[in-house]
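Participant: Quick one: the structure is below, and I'll ask about it shortly.
Here, each number is a calculation from the coordinates, and none is a lab measurement. What you are looking at is a predicted structure, and each value in this text was computed from that prediction instead of being measured. Note: ideal-geometry Cβ built from the backbone for every residue, glycine included; neighbour counts use all protein chains shown.
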Amino acid sequence: MTPKLVIFDCDGVLVDTEPMTDQIISANLERFGLSIAPHEVHRMFAGGTIEGVGIEATRLGATLPDTWVADIYVEIFAALRKGVPVIAGVIDLIRALDRAGIKRAIASNGPVPKMEISLAPSGLFDLFAGRIYSGHDHGPKPSPDMLRKIISDHGVTPEESVMIDDMPAGFLAAKAAGVRCFGYVADGDPSRIGDTGATPVTHMDQIAATLGVS
């Protein structure tokens, strides 16, 4: 069934910010007594929140200042302003959705200012203006609350909606909300999808073809 609404995650689905962010977090935590390689940062924290990183890092032995969350965001934002790559095929998918009259929105665990910095250079922030939702405001994934808010705001049902995410938190949020989900696994490894019910895809073209908008 062709949906009436497609909900996109941001990092790893619209823009490829995660490798850079993983490196920044790894180097930062090293300064506070916790050594975690960038690939381990990704495995442990991708799809979560910076607050969650701080909590777990403290539990693992890092001595973080009270201002750590704000400080790490300063580092991340500075790097994002230098530009990040757009995920292959995502602009074409958005254009195809527009031609088909399908609504779109963003559901990200990251804060809106971070999304503006990472999405504005490519024009993606303007393409989603007024339809950008953050877990900081509506509850982070894997809670389904943010997806339910988006679905309600757009006047559709869960059955008429589709989610595109690249992390278990998003897959689980979609499952809990009763929303069909595509699991974007560009590396070709669907193992992180597990039993969440998400459909693995490795390119945005596959989503367009499945939805009948290519």
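Participant: Need one number: nm distance between label points at Ala129 and Leu60, each 7 Å from Cα along Cα→Cβ, rounded to one decimal.
Facilitator: 4.0 nm
Participant: While we're looking at this one, here's another question. Expressed as a whole number of Å, what is the distance separating the alpha-carbon centroids of segment 148-214 and segment 1-72?
Facilitator: Each part reduced to its Cα centre gives a spacing of 21 Å.
Participant: Karplus couplings for segment 137-144 from phi (6.51 cos²θ - 1.76 cosθ + 1.60, θ = phi - 60°), rounded to Hz, Gly and Pro as x?
Facilitator: Working through the residues one at a time gives 9, 10, x, x, 4, x, 4, x Hz.
Participant: Can I ask one more? Quick one: work out the % antiparallel among DSSP beta bridges in the chain, nearest 5.
Facilitator: That works out to approximately 5 percent antiparallel.
Participant: What is the list of residues in segment 183-203 whose amide nitrogen lies under 13 Å from a point 7 angstrom out from the Cα of Ala88, following Cα to Cβ?
Facilitator: 185-188, 202-203
Participant: When the dipole is taken about the Cα centre of the chain, and only Lys, Arg (+1) and Asp, Glu (-1) are charged at their Cβ, what size is it in debye, to the nearest 20?
Facilitator: Using only the charged Cβ atoms, the result is roughly 480 debye.
Participant: Could you tell me the relative contact order of the chain? Use alpha-carbon pairs under 8 Å, at least six residues apart, and round to a whole percent.
Facilitator: About 25 percent, as a whole number.
Participant: Using the basic label-point model (7 angstrom from Cα toward the beta carbon), what is the Asp137 to Ala100 distance in nanometres?
Facilitator: It is 2.7 nm.
Participant: Using the Cα centre as the reference, give the magnitude of the dipole from point charges on the C-beta atoms of segment 18-80 (Lys, Arg: +1; Asp, Glu: -1; all else neutral), rounded to the nearest 20 debye.
Facilitator: The dipole of segment 18-80 has a size of about 120 debye.
Participant: Further question: Could you work out which residue, out of Asp11, Asp165, Asp187, moves most in a Gaussian network model of the chain, that is, has the largest mean-square fluctuation with Cα springs under 10 Å?
Facilitator: Its mean-square fluctuation being the largest, the pick is Asp187.
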